[in-house]
Structure formats: structure tokens, C-alpha cells
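Below is one structure; the comments refer to it alone.
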Amino acid sequence: MAEPANATLPLWRQPPFLLFLSSRVLSAFALQMQVVAVGWQVYALTDSAFALGLIGLVQFVPMLLLTPVTGLAADRLDRRAVTAACRAANGLAAAALAAGSLAGWLDAGWIIAIVALFGVTRAFEMPASQALLASVVAAKDLARANALAASTGQAATIAGPAAGGLLYAAGGPAAPYAGVAALALLSAVLVLLIRMAAQPRPRGRVTLEVLLSGLVFLRARPALMGAVTLDMVAVLIGGAAALLPVYARDILDAGPWGLGILRSALASGGLTASLWLAWRPLGRRAGLSMLRAVALFGAGTVMFGLSESLALSVMALALVGAADVVSVVVRQSLVQLGTPDEMRGRVAAVNSLFIGTSNQLGEFYAGSMAALLGPVAAVVLGGFGTMTVVLLWMRWFPSLRAVDRLEAVTPDDPLGGGVQGAAHAAMRQGSP
């Protein structure tokens, strides 16, 4: 694949990357405002932790069903157009939530139905956006670009939940939804402004083999498969984000503003870690760093689950957020660098499905466990479960532990340490 035209410049002087970054910030800010507004409004209407879990489930199901199609779309269509169209659709859906809140017809059922539409658009957006970044910057800059993207996204995520909570408290649910609509539409415009060299797109008949080739590619590379499944299982079991409205209202007595603070604490820890990684990218033993980070994620989750103090809860969530970003940067860089460009959309779609499994299905799992066991027991057991998963993955995926330098990872050398493999050549022969 040809290097981008601005590859010799520092990242902060490359216009395509800056447009990508700005669009990502606005999209992340909008998403976090929406998460706070939807979570608080649904819990206020239903008083049900299970209903909070349904919010995640209805976003996961479209991703599960559409993954083969969304990956192919990211490989065969203009990734900028796909990303922009999805974000514009998100803006229109948020406008519908604002209108329904103002008119008084919006109930929990309508909210969950519209959130399901967000699930459809995100199913297409995530693989296209992930693959787009790898086309915008040079391979040598990708790990640092992922860290910078994570840092700016986390900065938006700090302000987004707090802004969503304050707008909700000041003007009701319609206020944050209107803000989400405006930011999502602006984000779509910025994506369309990205200028980059045309990339050749694969052609040929759409067969079942082509649709499933992203999963087949990952299965042939244990290091990549270990990375994406570790994140999936750990966050699926240990994620507590869906229960933050329960903690804010019933355990910490903090109200909607407190909910925003808790969500911002996650992002504050993530911002700190991502800025550090942008300044000092991981050197040797990146795979082991990912495993250690996921273990810290579990430990922080246990601390948060047992806390009855807002200050201690904020510190625990900051640790969780920092650990999560280290894991995300390693996983994203490993998958993007270890995949040839013509397959990045399909592989990113599988990666997005695993992310959705951990996040959206994880929300349903957390809500269900909280309804069954109570929120504290659900969170604490999830944290211990995450730490157990790390021990199992160290045994089951030794190649993930062996990943060395991220900047040295290539499709022919997914361990970044000079280890060559034949899987890439076999997959290239089967790619349309």
C-alpha cells in the first residue's frame, strides 16, 4: 500500500489526520452525551436495571447480524462516505429523541427502538472508521496515531458525560439530545473533507467465503485473535458502565450530575494513559503490557464495586479507564498493522463485533446480573472474573504474550519480533 502524501510530516501537521481526529472528538463527545441522557431517562422512566441492560442488547444484535456485510462495505466502498453517512444518521436519530422528549410521546419503548437504530449505524461506522485511520497515516505512525486518537477521544469523553448531565439537569432530556444531533452532523462533514490518495478496492462475487474471510484471517493468527477476544471476554464479564446510573442514584446518592462525573472519571484515567502512550509509545513486550493492563482493569472494577464513597469511586474508575486505553491501543495497533489494507474492513468488522459483544452485550449482562444478584455483587464478581480471564489467556494464547514491538508488526510478522508466518500469503490468495 502506498504511503500517504504527508507521511514525512509530523502527525500534527498532516491535514487528513487532523480532520480525522477532529471528527472523532466530536463523535465521541456526542456519543457520551447521549449515553448519559439515555441511561438516566430510561432509568427514570422504568426504575429497572434490566432496562438499562436492554439498551446494550438492542445495540449489539444489529452488530451481530450485520458484521459480514459491514466489513465488506468498509472494504469495497469509500470508507469516508460510509463513516460520514452513519454519523449523519446518528444525528437525525438524536434529533428524533429531542423532538419526542419535547412533545411528550417518548417512552422507554421508543427510546430503546431508536437506540437500536444507533446499533445499526455503528455496526457500519466502526469498521469503516477503524480501517480509515490506517489509510490516513503511514504504518510507522499508526501506533502513535491510535494513542493520539484515544487521547482526544478520552478528552471529549471527560467533558461529554459532564456536559450531558448538566444539560439534562438544566433543560431536561431534549437539551443533550439536541447537542448530540448538532455534533454528529458536524462530525460527518469533517470526515467528508478528508483528502487522501485513492485506494484500490477488491472486487469480485460476494460469496460466503468472502463474507467470513475476516474471521478466518483472525483465526489463522493466534496473536491477533488472542488480543481481540481478551478484550471482549474481560469487558463482557467485568464492565460496570451500564450500572453507573444505579450507583449514582442508589448507592452514592449523587444524582445526574454525579453520573456525569463517574463517566468522566473513566475518561480521565483513559486520557492520562493515552497521552503517556502518545508521548512514550510502548517499547518491548507490548503483548505482556496488554495482559497486565486487563488485570488492572479487573482490580479497579472490584475497588469500584465495593466503594460507597464518590471520591474512591472516581479513583477506581480512573484506574479502570487508564487500563482500558492501554489494552485498546495495543489491540487496535496490532490488528491494523497485522492486516493487509484490502482486508482491513472485514477484519475490523470482526473486531467491532467483539468490541460490541464486550460493550453492548456486556451492558445487558451487567443489568441482568444486577437484577439477579444486586449491583454490588454483580460488579465485584465481574472484576474477579476479568482477572481470571487474564490468567487463562496467558496460557491459551502464548503468542499474544510474545508480541514485542508494535511498530515492527506487519501482516507477515504479527508478533513484531522477526517471526515470519505463512498465514498472510494464504489469506492473500483467497482474498477477492
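The values are calculated or read from the model by the stated rules, or taken from the named source; none is laboratory data. These numbers were taken from a predicted model, which means no experiment stands behind them. Accessible surface is based on the protein model in full, side chains and every heavy atom, while ligands, DNA and RNA are left aside. Shrake-Rupley method; radii C 1.70, N 1.55, O 1.52, S 1.80 Å.
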Residue-by-residue Karplus 3J(HN,Hα) for region 315-328, coefficients 6.51, -1.76, 1.60, Hz, glycine and proline x = 5, 5, 5, 5, 5, 4, x, 5, 5, 5, 5, 4, 4, 5
What full-extension length gain, to one decimal in nm, is calculated for ARG284 and LEU186 as 0.36 nm per residue of separation minus the Cα-Cα distance?
-> 31.4 nm
For region 303-311, what does the Karplus curve 6.51 cos²θ - 1.76 cosθ + 1.60, with θ = phi - 60°, yield as ³J(HN,Hα) per residue in whole Hz, taken in order and with x for Gly and Pro?
-> 4, 5, x, 8, 6, 10, 10, 4, 5
With P(r) over Cα pairs in 20 Å bins from 0, in percent defined as stated, name the option among [x] 25, 60, 15, 0; [y] 18, 36, 28, 14, 4, 0; [z] 28, 61, 12, 0 computed from the structure displayed.
-> [z]
How high is the relative contact order of the chain, given as a whole-number percent (alpha carbon pairs under 8 Å, six or more residues apart)?
-> 27
State the Cα centre-to-centre distance between region 31-69 and region 324-392 in whole Å.
-> 16
Using only protein heavy atoms and a 1.4 Å probe, report how much of ASP412 is accessible, in Å² to the nearest 10.
-> 60
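Summing -39500 (n - 2.57) over the DSSP H runs of n ≥ 4 in the chain and dividing by its residue number, what mean residue ellipticity at 222 nm do you reach, to the nearest 500 deg cm²/dmol?
-25500 deg cm²/dmol
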Quick one: Karplus J couplings for region 227-232, per residue in order, coefficients 6.51, -1.76, 1.60, θ = phi - 60°, nearest Hz, x for Gly and Pro?
-> 5, 6, 6, 4, 4, 4
Once the piece of chain linking LEU193 and LEU102 is laid out straight, how much longer is it, given 0.36 nm per residue of separation minus the C-alpha distance between them?
-> 29.4 nm
